[in-house]
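**Q** Can you read through this structure? Questions will come right after.
The values are calculated or read from the model by the stated rules, or taken from the named source; none is laboratory data. Just so it is clear, the structure is predicted and the values come from calculations on it, not from any experiment. For neighbour counting, all protein chains shown are included, and Cβ atoms are generated from backbone atoms with ideal geometry for every residue, glycine included. Quick note on the areas: whole protein, heavy atoms, side chains included, nothing else; ligands and nucleic acids left out. Shrake-Rupley method; radii C 1.70, N 1.55, O 1.52, S 1.80 Å.
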Number of protein chains: 2
Amino acid sequence: MRAVVACHRASPAWTRLGRADGRPLPELVVRSPCGHRHAGARIGRHTNEGCSVISPIDPTSAGFLLAENRNMPMHVGGLQLFKKPEGAGRNYTREMYEQMRDVEEIAPLFLKHPRRKLKTAGQLVWEYDDEFDIEHHVRHSALPKPGRVRELLELCSRLHSTRLAWERPLWEAHIIEGLRDGRVGMYTKTHHALVDGVSAMRLLQSVLSTDPDKRGMPAPWGYRSAPAKAVRTREDAEKSLSEVPIQALRTAMGITAEAAGMPSALIRTLNKGLRNETSALSLYAPRTIFNQSITGSRRFAAQDWPMERLRAIGKASDTTLNDVVMAMCSGAVRTYLMELDALPETPLVAMVPVGLNAKQSQIASAEGGNAVGAVMVKLGTDLHDPADRLRAVHRSMKDGKEGLSAMTPVQILAMSAIGQAPAILTPLFRMQGIVRPPYNLIISNVPGPKTTHYWNGAELVGTYPLSIPINGMALNITCTSYNGKMAFGLTGCRRTVPHLQRLLSHLDDEVTALEKAAGV
Amino acid sequence: MRAVVACHRASPAWTRLGRADGRPLPELVVRSPCGHRHAGARIGRHTNEGCSVISPIDPTSAGFLLAENRNMPMHVGGLQLFKKPEGAGRNYTREMYEQMRDVEEIAPLFLKHPRRKLKTAGQLVWEYDDEFDIEHHVRHSALPKPGRVRELLELCSRLHSTRLAWERPLWEAHIIEGLRDGRVGMYTKTHHALVDGVSAMRLLQSVLSTDPDKRGMPAPWGYRSAPAKAVRTREDAEKSLSEVPIQALRTAMGITAEAAGMPSALIRTLNKGLRNETSALSLYAPRTIFNQSITGSRRFAAQDWPMERLRAIGKASDTTLNDVVMAMCSGAVRTYLMELDALPETPLVAMVPVGLNAKQSQIASAEGGNAVGAVMVKLGTDLHDPADRLRAVHRSMKDGKEGLSAMTPVQILAMSAIGQAPAILTPLFRMQGIVRPPYNLIISNVPGPKTTHYWNGAELVGTYPLSIPINGMALNITCTSYNGKMAFGLTGCRRTVPHLQRLLSHLDDEVTALEKAAGV
């Protein structure tokens, strides 16, 4: 494909344009998918109709775009906290913002936006933004006083509530100053049609370094000649389809096409593949306040705990780190629902994405992203004793994984589809009061870097994921580990999940309770 | 019309909902257009299809909605600066934000959002938001360090760049802290389909008081049983149509309908009414960099000058205050264009909305808003001497007003249409390089309150308007007087009007130059 993303406008007036602050603009270079470099995207304007790059949107991405509405924005987010390097000046945050903004070249992923093509019966296509404005996407924000973490979480909640408009590339980044402890925040937001949550996190990590003295590092949206292997965009996934056997490819494509637009066909697939109920799939979760229609108001809460504490609990009770994370969620959700007088008698069921083994992952990766399956975990929220809950979670997780490894590739694909496209599948289950939800909430645990990382000398001290609540699934818990700490990111509908932030103290209480129960 | 805007949901879970900060929600009452009060819009959710209020959108408002695109957001804005009252605590801005947010009742204007009705061939209708979320509309923001006016203007520029999504009521307000001089900022943004710029400003003023000790004052979006007379929404304008003679009404409706969707008919009207060129209408303005297609990036700059200084110049030179304002713009734009080596040889022409006399206004007001006509003013930008420019502006303005008073009602309506709906009319003139623009920029001067006003004890110390640049008209200058100061609000496309903020110092230089020329 040879095409120009943006072209120079030869009028002399255009060469005089400056930045908002009056300083001259550095020339921005845009790399089109053909690999050619084109100068002037920032100061030029696209005038020639034949100049734009248009490509079709794959069915999974289209599904995320079409499922979206005011109440269900389909973007994933990340909150990163940085510690300023030694000797940082007063204007450090502004300088960091300027470094993030003044990239020389933008990666194609961050230049495309969806459009309905009128000529071809409303088909969705990706179009490259030929009036790309980096200042729209990279922003310098500040917190109101007193600048506690609470104000930061409030800002992130608000930013995460607003939909990304289709008329521009589907991402935003906010460099945030005003934390009273002097740390710098960065909230990023990327549409699920571009990357999934894990990839979005890895995308950021891919520009970090373990070397605190390294400088000249690019922004995550900057173009790099050799993109980090860990970053898998939906575009990459599409390309990688050619690497899997043709039969698996057809099946995978069938699933995604069905997920995007053919519910009845998908229901048939699900029925066929999963009627022999393994414990991996439970379609019998109790009803809870989480399983209602949601609104567009978001509430985000986040906190981290030393992995050492969680590992000690696991070691003493012969369970895994992941089991302990699940048990923390179980206990916290139990207390939360009890306070609201809304705890069901039967245990809640969590949908937990898990990594697949090599045989499984080859097929599942064709589905469009990460090689994950999904396990339905009974959380034991009916049990009073923390130790009992931990045991119940451990057993259910083990059964689920065994069930998964006994499944056929088609079954795994169907499972993956549930994990990958819950928003699309939800209506199929008619969860909104008609039948019981297949699970009550999504809990994912994504491992991150184990050592301290830096961006141009600023130490990354914390990284927290913001995910996507959907109709019928108003609370999402995503955990991610980094540098010896386990971070919990809780994203919910503010109206459906009241006082979501209380879950943080319940989680904290649960760590203490589990420690006591395990005798550590 | 009897209808319920929002209804209680009887589930016990719903009564427990809280605010983001965890405190209980005050009950929000919504008043539907039928005048009935309905509780629980904030905590309840609309589930019954028959419950929503739908009303058609008048053609003028529809025109503004349909003309809008990414490059041409159609909202007006306002920036207000408040001085904290004596003894204000550390959390004053947060408290002010909470007062603005925690309104008991929302006025209907702030509850409706547009929707395309699929059942009736895509007709645009107003629908009341039954999941209204005040926290989406009223926001607490902060400025990055060092918190100068420059950071404030940058934030306003950014906020003014983003389109209001149709899926929610078309307004936003940001209470802004972090100005290093301790003042509190408020940026508001309202869609032109709801109010025009003048009304938006008056809407705010209508809740202010001259009494510094008065408390318990409502937010501008709060419902008041007796709305201030000065505030005219498009809805009011629609209603007032019944008060004008039927013939004038038909003509007016014809104009707006044509402006909204029938360009060729409008061109005929304009040709018929205005072919006998008075000096009030010039279709021969030179081409400038302002008269190009624009992008969606906005730049806002604002400053005020003591009216006393401007009045002294007027008095000494036998011109009006408004003439001096125009001459300031003339000189500033001249210097600005000279610096860019882009000053045309022939003088620039400004479109200036002017108030009409009683006879005229009765008819023009039927057009849908304020009783204004438009005068085309030759700015004398070809003249070197500031005194010559002031004289040229004075003469051109006088001729224009005389021309206007000699016009027939139909001609005035056509003129008004240009002023009211430039975005809709612009394509008709094919200003984008094919024929010459009818005028180069819009300069309005709207008188405001003459005395100090307060909101719950906070003194309003400055008020600046943000307007709408459109394709072919990349710079808008709106002036508004308040308490002895004349405020200039400059809104432009950041890419088409580079270094817009330079106009501020040019305006300042021009005041000095005019003072010198007038001998004051």
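**Q** Among the residues of the range A:287-310, which ones have their accessible area go down by 40 Å² or more when all the protein chains sit together, as opposed to their chain alone (1.4 Å probe)?
**A** Going by heavy-atom accessible area, the residues of the range A:287-310 that drop by at least 40 Å² are A:GLN292.
**Q** Ok, one more. Could you go through the range B:85-100 in sequence order and give the Karplus-derived ³J(HN,Hα) for each residue, using 6.51 cos²θ - 1.76 cosθ + 1.60 with θ = phi - 60°, rounded to whole Hz, and x for Gly and Pro?
**A** Here the 3J(HN,Hα) series is x, 3, x, 5, x, 4, 9, 4, 5, 4, 5, 4, 4, 5, 4, 5 Hz.
**Q** Continuing with this model, one more query. Once amide H atoms are placed 1.01 Å from N in the peptide plane, what residues at a sequence separation of 5 or more from B:VAL375, or on another chain, have their amide H within under 5 Å of its amide H?
**A** The answer is B:VAL352, B:VAL354.
**Q** Among the listed pairs B:LYS398/B:LYS516; A:LYS84/B:LYS83; A:LYS112/A:LYS145; A:LYS189/A:LYS516; A:LYS485/B:LYS145, which have their C-alpha atoms separated by more than 27 angstrom in this model?
**A** Working: B:LYS398/B:LYS516 24 Å; A:LYS84/B:LYS83 34 Å; A:LYS112/A:LYS145 37 Å; A:LYS189/A:LYS516 39 Å; A:LYS485/B:LYS145 31 Å.
Pairs exceeding 27 Å: A:LYS84/B:LYS83; A:LYS112/A:LYS145; A:LYS189/A:LYS516; A:LYS485/B:LYS145.
**Q** Please identify every one of the trypsin sites (Lys or Arg not before Pro) in the range A:109-198 that sits in a loop by DSSP and has no more than 11 other beta carbons within 10 Å of its own beta carbon.
**A** On the way: sites: A:LYS112, A:ARG115, A:ARG116, A:LYS117, A:LYS119, A:ARG139, A:ARG148, A:ARG150, A:ARG158, A:ARG163, A:ARG180, A:ARG183, A:LYS189; in loops: A:LYS119, A:ARG148, A:ARG163, A:ARG180, A:ARG183.
Passing sites in the range A:109-198 are A:LYS119.
**Q** Spelling out what I want: for every residue of the range A:207-217, take phi, set θ = phi - 60°, compute 6.51 cos²θ - 1.76 cosθ + 1.60 (Karplus), and round to whole Hz; glycine and proline get x.
**A** Along the range A:207-217, the couplings run 9, 8, 9, 7, 9, x, 9, 6, 10, x, 7 Hz.
**Q** How much net charge surrounds B:LYS401 when only other residues with a Cβ under 12 Å from its Cβ are counted (Lys, Arg +1; Asp, Glu -1)?
**A** Details: positive: B:ARG395, B:LYS398; negative: B:ASP323, B:ASP399, B:GLU402.
Local net charge: -1.
**Q** Given H placed on each backbone N at 1.01 Å, which residues far from B:SER293 in sequence or on other chains put an amide H within less than 5 Å of it?
**A** For B:SER293, the qualifying residues are B:GLY472.
**Q** Work out from phi, with θ = phi - 60° and the Karplus expression 6.51 cos²θ - 1.76 cosθ + 1.60, the ³J(HN,Hα) of each residue of the range B:468-482, listed in order in whole Hz, and give x for Gly and Pro.
**A** Taking θ as phi minus 60°, the curve returns 10, x, 10, 4, x, 8, 7, 10, 10, 10, 10, 10, 8, 9, 7 Hz for the range B:468-482.
**Q** Can you bin the range A:464-518 into rounded, prolate or oblate? Criterion: square roots of the alpha carbon gyration tensor eigenvalues sorted a ≥ b ≥ c, rounded for a/c under 1.5, prolate for a/b above b/c, oblate for the rest.
**A** Working: a/c = 2.74, a/b = 1.51, b/c = 1.81.
Oblate.
**Q** Can you list residues from other chains, or at least 5 along the same chain, whose modelled amide H is less than 5 Å from the amide H of B:MET486?
**A** Distant-sequence amide H within range of B:MET486: B:TRP305, B:MET307.
**Q** Something else now. If we hang a label 7 Å off Cα along the beta carbon direction at A:GLU86, how far is it from the matching labels on the other copies, in nm, shortest first?
**A** Label-point separations across copies, in nm and ascending: 5.1.
**Q** If you don't mind, there's one more thing I want to ask. Using a 7 Å offset from Cα along the direction of the beta-carbon, what are the separations from B:PRO306 to the same position in each other copy, nm, ascending?
**A** Values, ascending and in nm: 6.5.
**Q** Which distances in nm, rounded to one decimal and ordered from shortest, link the label point of A:THR452 to the equivalent label points in the other identical copies, with labels set 7 Å from Cα toward Cβ?
**A** In nanometres, ordered from closest: 5.4.
**Q** Something else: Nearest beta-carbon of B to the rotation axis carrying it onto A: which residue, how many whole Å?
**A** That would be B:ALA142, 2, residue then distance in Å.
**Q** Can you give the local net charge around A:PRO469? Use residues other than it whose beta-carbon is closer than 12 angstrom to its beta-carbon, Lys and Arg +1, Asp and Glu -1. Kindly include the intermediate steps, with their values, before the conclusion.
**A** Numbers: positive: A:ARG298, A:ARG299, A:ARG494, A:ARG495; negative: none.
So the environment of A:PRO469 carries a net charge of +4.
**Q** Nearest 100 Å² is fine: how much accessible area is buried between A and B, summed over both sides, with a 1.4 Å probe?
**A** Chain pair A/B: roughly 4900 Å² of buried accessible area.
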